[in-house]
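The values are calculated or read from the model by the stated rules, or taken from the named source; none is laboratory data. Bear in mind the structure is a predicted one, so any value in this text is a computation, not a measurement. Note that each Cβ is placed from the backbone with ideal geometry, even for glycine, and that neighbours are counted across all protein chains shown. Accessible surface areas use protein heavy atoms only, side chains included; no ligands, DNA or RNA. Shrake-Rupley method; radii C 1.70, N 1.55, O 1.52, S 1.80 Å.
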Amino acid sequence: MSQAGHDTVSLDPENWDDLRVQGHRMLDDMFDNLATLTERPLWQAPTQAQRARYRAELPRAPGALADAHAQFMADVAPYGSGNRHPGFMGWVQGGGTAVGMLAEMLAGGLDANLGGRDHMPIEVERQIVAWMAELFGFPADASGLFLTGTSTANLCAVLVARDRALGADVRHTGVRDVRVVAYASKGVHSCIVRAMDMTGLGWDRLRLIETDSDHRISLPALEAAIAADRAAGLTPFLIVGTAGSVDVGAIDDLAGLADIAEREGAAFHVDGALGALGMLSPQVAPRLAGIERADSLALDFHKLGQVPYDAGFLLVRDAAAHKRTFTYSEAAYLRHAERGLAGGEFWPCDYGPDLSRGFRALKVWFSLKTYGLDALGAVIGRTCDLAGALADRIEAEPDLELLAPVALNIVCFAFKGADNAAIVADLHEAGRVAPSTTTLAGRTAIRAAIVNHRTGPADIEALVEGVLALGRAHAARG
């Protein structure tokens, strides 16, 4: 910290050269950390002593940056969630990249607030919106927005659909005695249920429809539910399709859902958190037919896009409807101007809940510019190939059982007759591979979500061999 007189206090360093040396050390440490991922356990529990160091008193006095960095390297860096490791298959999380890390550093240094106003970071976000509109076959004037993740993007999409059905006055009067209803499959992510709560519509206004043998929403069951609701005086206002279900990676018949939504006058939203970016892969894109007809689409760049957390995204076909749902013109301090810094035609705060917003778009822009869409698509195709290879390996082992069809890059299986939850916990503690669990038809499944760009055949084999060894050991103990 430097002082330029008695009345001015700055948090800038007194010696920029010293900070430069320390900054390079910190950057090199993270490069080394990324380069040596496989030399350390995927996951390990912090010690009680380490945890206790983060119950410290408020740091009133200044300390050395080098000391804070040393504590981070000792206590935090070795004890992360493991999603960067090639053996991580437990949850749908990307592995991040060095390019994304560097872009985050640049964004942090620029410290731009993307709530609005006239500056170039806004143009970078608009570039991503335009690229995504083109990728997904949306109109060129579609609107879009970066958010923390698809959970928030889905919430915003439900709000847009709600206001489309009930009119903009609902923002003033609130939700009262409405007679509208939404539909999604039983495999839909729980954030859709929560969105119905947070929009004021309530869980009871969401119908969770049965799925078919491939875990996709049953179109006949959906049509029957709509007919029953219409007979009861209810109006369908939203149909949610899933492009990659959280449990098994199932992709709904999006074209069929688009037909039904169009016929019923309902908004059609696609939750594409897991699978939407499959549009980058020639082998996955055909399975997403119909996504171009959605009224809104939510996705995560921090999953298949491999962008560091967090980078959720919402794309909306009708930009005017999107803006009507969120804009608030009564605040004088948010007034747009014809010129100057308060100018600019696109203020993201008019399209979402956040006024203060970080520069999430920069790491996505860097990733797309540096790697290119074709390379990212090849990574996505490879994760699906690895999932197929894992399924084949499971079906070749008498002790293992495949519990669901493999539609994308998630494989659910079990060791027959074993405590599969205990097997998964043992694998986590061993630190080589980390699947998760889910429940399918009342049975505990080992769930391998292959998302990380670093995952390869050796990691698939390590998972299978680990499950077999642990399953047999458990069986031997009775």
(request) Could you pull out every one of the helices (runs of 4 or more DSSP H) wholly within the range 1-80 that has 2 or more residues that are surrounded by fewer than 10 Cβ atoms within 10 Å (Cβ to Cβ) and within 36 Å of the chain's Cα centre (by Cα)? (result) 48-52
(request) Might you let me know whether the range 356-367 holds any residue that is in a loop (DSSP other than H, G, I, E, B) and aliphatic (A, V, I, L, M)? (result) no
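Yes/no per residue for (1) within 23 Å of the chain's Cα centre (by Cα); (2) surrounded by fewer than 23 Cβ atoms within 10 Å (Cβ to Cβ); (3) without any contact (Cβ under 8 Å) to a residue 40 or more places away in the chain; (4) not in a strand (DSSP E or B):
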{"position": "Glu397", "(1), (2), (3), (4)": "no, yes, no, yes"}
{"position": "Ala425", "(1), (2), (3), (4)": "no, yes, yes, yes"}
{"position": "Arg432", "(1), (2), (3), (4)": "no, yes, no, yes"}
{"position": "His453", "(1), (2), (3), (4)": "yes, yes, no, yes"}
{"position": "Arg472", "(1), (2), (3), (4)": "no, yes, no, yes"}
(message) Cβ contacts < 7 Å: first residue within 30 Å of Val464 (Cα to Cα), restricted to the range 90-110; second residue open to solvent by 50 Å² or more (accessible area, probe 1.4 Å), any location; separation 6+ or different chain. Result?
(response) Val92/Val246; Gly95/Arg84; Gly95/His453; Gly95/Arg454; Gly96/Arg84; Ala98/Phe31
(request) Please enumerate the residues belonging to the range 224-278 that are among the β-branched types (Val, Ile, Thr) and not in a helix (DSSP H, G or I). (result) Thr235, Ile239, Val240, Thr242, Val246, Val248, Ile251, Val270
(message) Can you tell me which residue is farthest from Val129 (Cα to Cα) among those in the range 330-350 that are open to solvent by 100 Å² or more (accessible area, probe 1.4 Å) and in a loop (DSSP other than H, G, I, E, B)?
(response) Glu330
(request) Determine, yes or no, whether Ala320 is open to solvent by 10 Å² or more (accessible area, probe 1.4 Å), at pLDDT 95 or above and hydrophobic (A, V, I, L, M, F, W, C). (result) yes
(request) Evaluate the range 377-385: report whether one residue or more is closer than 17 Å to Ile460 by Cα and in contact with a strand residue (DSSP E or B) (Cβ under 7 Å, 6 or more places away or on another chain). (result) no
(message) Please verify whether His215 is over 29 Å from Arg360 (Cα atoms) and part of a helix (DSSP H, G or I), treating the condition exactly as stated.
(response) no
(request) From (1) within 18 Å of the chain's Cα centre (by Cα); (2) in a loop (DSSP other than H, G, I, E, B); (3) closer than 21 Å to Asp374 by Cβ, pick out the condition that doesn't hold for Pro282. (result) (1)
(request) Return yes or no: is Leu274 closer than 30 Å to Val464 by Cα, open to solvent by less than 30 Å² (accessible area, probe 1.4 Å), at pLDDT 95 or above and out of contact with any Asp or Glu (no Cβ under 9 Å at 6 or more places or on another chain)? (result) no
(message) Let me spell it out: the conditions are (1) hydrophobic (A, V, I, L, M, F, W, C); (2) open to solvent by 20 Å² or more (accessible area, probe 1.4 Å); (3) under 20 Å from Ala267 (Cα atoms), and Trp131 meets all of them except one. Which number is the exception?
(response) (3)
(message) Regarding the range 81-88, can at least one residue be identified that is more than 30 Å from Ala449 (Cβ to Cβ), open to solvent by 30 Å² or more (accessible area, probe 1.4 Å) and either out of contact with any strand residue (DSSP E or B) (no Cβ under 9 Å at 6 or more places or on another chain) or not charged (D, E, K, R) (or both)?
(response) no
(message) Looking at the range 144-166, can you tell me whether even one residue there is part of a loop (DSSP other than H, G, I, E, B) and over 16 Å from the mean Cα position of the chain (by Cα)?
(response) no
(request) Quick one: Pro121 ticks every box in (1) surrounded by fewer than 17 Cβ atoms within 10 Å (Cβ to Cβ); (2) assigned to a helix (DSSP H, G or I); (3) not aromatic (Phe, Trp, Tyr) except a single one, so which number is it? (result) (1)
